[in-house]
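Down below is the structure, laid out as structure tokens.
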Ligand code: GLU
């Protein structure tokens, strides 16, 4: 979304007691448009078998949220847990054995999740991501476009790491962080981490009976990291634990997305959050659109520039996407996914954006109408050279 990027007010500090339960629990969903829900292996699998009854409850809750107009993306672990038994005595100690188990278990996982949504007439779509899909801007544009299309089609995208091909150097490593990266890429308002613990405590409650539950935070500090390390790091049986949940919450927070950490094993894993089930809410200080604008404005160095005609410069200020017809020139050599400066006819920089076309493609379609672009390039690309969500414009 085109918007000014200065003047953010970041609130901070711990609110242990001053927040009412209703505020903590129902506000994030009430104002959310898009949420990412992450479930761990222990929730979806038990002794190598899918937990069908629980998946049915989760599906029913997701369908309930969708009926209220929310878009829901599910990130589910469980591929290794569901494939392990089929490897027999070989076990899953080595990476390649884990990857083989994931190849088997991912099918079972999707079949179980798909089956849980079937009675509701809701179709799911699988996306297996590796680190580059959310870290590399060109691939990020592709992955986001596919997930947007799945959401527009009314399906529930179900995401896991592509464990079968991802090796250590290209792995997210845990699905908490994967879910946070997905939330960031998709501009989600809320990230829900369904776990086996109902949130963050001042110490591990299993070994410290006097540990206090923290219902709400506006900010994560080293103090909270300390609470989640040591024994508490293992709270949560998945590969995650509390430390990775906080790492995920940090990624989400920077992206304008609030994080909810709670127990997943409930009759209503998601709707119970609204009726006051205990959780830790880490509130975002800004919106996903403002966080993205701040990132575009502050962190991306332009690799080239695009000159606009007067009409396009005005349209961009009004919130439009940049089309080829409004371009009069391009400088520099850049690929899809590069950051570029947007210049008015006077040469003054009026914005910055992430381009969906390379400089050589743009050269060939300067001034063309969108219908001509496909004929000139020989393939159908994205509708806009730069989508309005991928630019900041100085008004
Ligand atoms: N992607 C792994 C799986 O599906 C799980 C990783 C995690 O739980 O953090 O088995």
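The values are calculated or read from the model by the stated rules, or taken from the named source; none is laboratory data. As the structure is a prediction and not an experimental result, all values here were calculated from the model. As a convention, Cβ positions derive from the backbone with ideal geometry for all residues, glycine included, and neighbour counts pool all protein chains shown.
Screening residue 102 against (1) buried (at least 20 other Cβ atoms within 10 Å of the Cβ); (2) within 28 Å of residue 188 (Cβ to Cβ); (3) more than 10 Å from the ligand (Cβ to nearest atom) leaves a single unmet condition, (3).
Out of the residues in region 332-346 that are touching a residue at least 24 places away in the same chain (Cβ under 8 Å) and under 16 Å from residue 308 (Cα atoms), state the one that is farthest from the chain's Cα centre (by Cα). Show your work before the answer.
Narrowing region 332-346 to residues touching a residue at least 24 places away in the same chain (Cβ under 8 Å): 332-345.
Those left that are additionally under 16 Å from residue 308 (Cα atoms): 332, 339-345.
Working: 332: 31, 339: 21, 340: 24, 341: 26, 342: 27, 343: 31, 344: 33, 345: 37 Å.
For region 332-346, the residue satisfying everything is 345.
Taking region 56-95 as the search range and keeping residues that are farther than 19 Å from residue 126 by Cβ and under 19 Å from the mean Cα position of the chain (by Cα), which one is farthest from the ligand (Cβ to nearest atom)? For region 56-95, the residue satisfying everything is 69. Checked against (1) within 16 Å of residue 38 (Cα to Cα); (2) without any contact (Cβ under 8 Å) to a residue 12 or more places away in the chain, residue 127 meets all criteria but (2).
Counting only helices (runs of 4 or more DSSP H) wholly contained in region 4-90, the ones carrying 1 or more residues that are modelled with pLDDT of 95 or more and surrounded by fewer than 20 Cβ atoms within 10 Å (Cβ to Cβ) occupy 52-67.
Of all residues in region 332-355, those being assigned to a strand (DSSP E or B) and surrounded by 14 or more Cβ atoms within 10 Å (Cβ to Cβ) number 10.
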